[in-house]
Every structure is written in structure tokens, then in C-alpha cells.
Amino acid sequence: MPRRGLQWVWAGLVACAALAAGTPAQAADWPARPITIVVNGGPGSLPDLFARPLAERLHHAFGQPVVVENKPGAGGLLAMQQLKSAPPDGYTLALVTNAHLVWNPYIFPALTYDPVRDVVPVSPLAVIPMALTVNDKVPAQSLAQLFGLARQQPGRLNYASSGNGSPPHVLFEMLREQAGVDIMHVPFKTGTGALNSVLAGDTQMYFAGTALVEPMVKEGRLRVLAISDAVPDAAFGRAPTLAQQDFRGFEGAVWLGVAARAGTPDAIVQRLNAQIGRAQQDGAMRQMYASHGSLPYHLDAAAFAQRVADERKASGPVLRKLGIKPD
């Protein structure tokens, strides 16, 4: 081999050795400066309410400031683009949901990030149980009766959502597809707008987080026909789960978690995962979860990544068929 070629080979070997030696040291020194958690939502939004207590506990665990940076808009694309643009060093994290890591590739035609190539799942945080509710004037006391009405009157019934591509929209479409019924979608800009439309009788049903609809369920203004997960709440105690009614794929239907830039050293991912798991055992954190109608949910990083991959495999073909598009 020519002398110059040998020099290139030697230089490459030295660089690889330096990288291999440097990675453990970098992971061992981490964190040496502030960490940022990027949140798809403004101050006071549901993701923000989870991110800030977590940031405080990670600050105490690691001895470095943990800053929450709000990046709302575009279905999470702005937040995920910021994560994608960050170095893979564990100093930029993102609060994610299954919308960001599972659904978005099938909904947004020009996605600016690849959830497989650009993102590594670190840890789940919580599951948000969903309740399928109807206006109290809808003559259905069960999901079977509701879908029976829909089959008798195709396209006459409608459901509200908080916007095209939102979890209530995606999940109801997946449920509607399984049931084989024709129910019209009526999107609103916010969850509150969707809820008010059902309460007023302008729309007839809403698949929403249990915390949002709980007061109206207790007042008898909404009737619960199904829930995604069993929840320790008297308002939903008698409602059957979707799985109990032979509708699969809605267990833990909406979850929140933490992700890092792909390529982040595994040692850092493992440290983050462990500290997030410890934070979830904190009494105040558990009270916070309960106040938002959510259930603490933790897996190790590998199991979380596997769950995300399994969900992509299961829901991808259905979402392609449904052809859901964003606002």
C-alpha cells in the first residue's frame, strides 16, 4: 500500500481509538452543564405540567439546571426538529407522545424528522386513560348500541375532536375502522371546544382524556360507554374497557415519555431512565399524576423502544389506510 494510504489508515485507527476511549469519559462526566427538555406545548399545557416537576427532580438528582423550553405548534414538529438538530450528548431531551414517535410519519406528508433514525426513546412517564363519552341525549347505553345506531344510520352520527391528527381524532378513527361504522368527524381547534360542542348537543361523542370529561360525567351531562384503561376513579369505575369489548390496541392509548437525540451514549440514556423511574416514586409526583388523570408508567429504555417499535408495526398499516391529514 502507498505510504500516503498507510497514513490515512493509521489516522483513521487513531481517531476511532480516541472516540472509543472518549465516549465512556464523556458519559461519566455527564452532566457537566444545563440540560434542556423541549416541550411541544405552551406553559401550562399538559406536557408542560409533566415536564416541569420532572425537570426539578432531575436538577436535584444531577446537580445541574434542567430547563424546560416550550416549543408549541405544528403537531410537535417544531419541538422534534429542535431535538434532531441537537448534538447526541444528552443535553437536549424532548417530551414526546406516541403521536411524535408512532403516528406522525403516517399523518404529516413532509415530516422534518425521522422517529426511527433521529430519536432514541429514553423512558415513558405516564399513560393518559381515554374515555369514549356521548351526550346524555344519545340513545345508547353501551358501545354495542352506539355502533348499532351508526350502522342503521350511516354518516348521521358525528364525533368531536381537538383537531385533525390529534389523539382523539386518530384513536376514534382507529376504533371506527375496527367497528366498521361510518361516523362523521367534526374537528375543533381545542379540546375545550370539542367538549363544549358535545355538551351542547352540536356533536354527539368525544373520545377524550378522563381528566377532561370527569366533571361532566359526574354531573350526568356525559355518559361513558368505554375507557381505554381501568382507572381508580369512581366516575369511570363501572365503564368497561375497550379490550373487554373486543377492541384491541387501545390499552395505554396515549402515553408521554422522554426521548433523546439518536446516538446519545447508552450510559447517559440508562442514567436518565433510572432517575426518571426514581422521580416517579416521589409522593408529590404521584399526586401530580393523579390530578391530571394519568397513571405513572415506567419501563427500561430497551423495553420502551420495543413498545414504540411494536406500536409502529401495528398501527402503521391502519393509519396508511385511514389517510388522516393534519389541519
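The values are calculated or read from the model by the stated rules, or taken from the named source; none is laboratory data. Here the structure is a predicted model, which means the values were calculated and not measured. With ideal geometry, Cβ positions are generated from the backbone for all residues, glycine too; neighbour counts draw on all protein chains shown. Accessible surface is based on the protein model in full, side chains and every heavy atom, while ligands, DNA and RNA are left aside. Shrake-Rupley method; radii C 1.70, N 1.55, O 1.52, S 1.80 Å.
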Task: Sequence-distant residues sharing a close amide H with residue 182 (under 5 Å, placed H) - done: 155
- [ ] Report the antiparallel proportion of the DSSP beta bridges in the chain as a percent, rounded to a multiple of 5.
- [x] 60
Task: Rounded to the nearest 20 debye, dipole of the chain from Cβ charges on Lys, Arg, Asp, Glu - done: 500
- [ ] Compute the relative contact order of the range 44-149 as a whole-number percentage, counting only Cα pairs closer than 8 Å that sit 6 or more residues apart in sequence.
- [x] 16
Open item on the list: What whole-number volume per residue, in cubic angstrom, does the convex hull of the C-alpha atoms of the range 157-236 give?
Closed with: 88
Task: Full-stretch length increase - residue 177, residue 320 - with 0.36 nm per residue and alpha-carbon distance subtracted - done: 50.3 nm
Open item on the list: Can you return the lysines within cross-link range of residue 137? Criterion is Cα-Cα under 20 Å, with same-chain partners fewer than 8 residues away left out.
Closed with: 218
Task: Per-selection Kirkwood Rh - the range 236-327 (Cα, Å, 1 d.p.) - done: 16.1
TODO: Just round it to a whole percent: the fraction of Cα-Cα distances in the range 197-236 exceeding 12 Å.
DONE: 58
Task: Within the range 26-53: backbone nitrogen closer than 14 Å to the residue 274 label point (7 Å, Cα to C-beta) - done: 27-31
Open item on the list: With n ≥ 4 as the cut-off for DSSP H runs, can you work out [θ] at 222 nm for the chain, using -39500 (n - 2.57) per run divided by the number of residues, rounded to the nearest 500?
Closed with: -14000 deg cm²/dmol
Task: Kirkwood-type radius of the range 76-150, with distances r between different C-alpha atoms, in Å - done: 15.5
- [ ] Enumerate the calculated ³J(HN,Hα) couplings along the range 105-111 in order (Karplus 6.51 cos²θ - 1.76 cosθ + 1.60, θ = phi - 60°), each rounded to whole Hz, writing x wherever the residue is Gly or Pro.
- [x] x, 9, 10, 8, x, 10, 5
Task: the chain - Rg and Dmax from Cα coordinates, angstrom - done: 22.4, 86
TODO: Pop the C-beta distance of residue 158 and residue 246 into the FRET formula with R0 = 22 Å and round what comes out to the nearest 0.05.
DONE: 0.40
Task: Contact order relative to length of the chain, as percent, for alpha carbon pairs under 8 angstrom and 6 or more apart - done: 26
Task: Probe 1.4 Å - accessible area at residue 107, Å² to nearest ten - done: 0
TODO: For the range 57-203, just run the numbers: alpha carbon Rg, then divide by 2.2 N^0.38 Å, N being how many residues it has.
DONE: 1.31
Task: Helix axis angle, 191-200 relative to the chain longest principal axis, alpha carbon, degrees - done: 10
Task: Sites residue 300 and residue 64 - FRET efficiency at Förster radius 22 Å, r taken between beta-carbons, to 0.05 - done: 0.40
Task: Cβ-derived FRET efficiency at R0 35 Å, residue 142 paired with residue 74, nearest 0.05 - done: 0.35
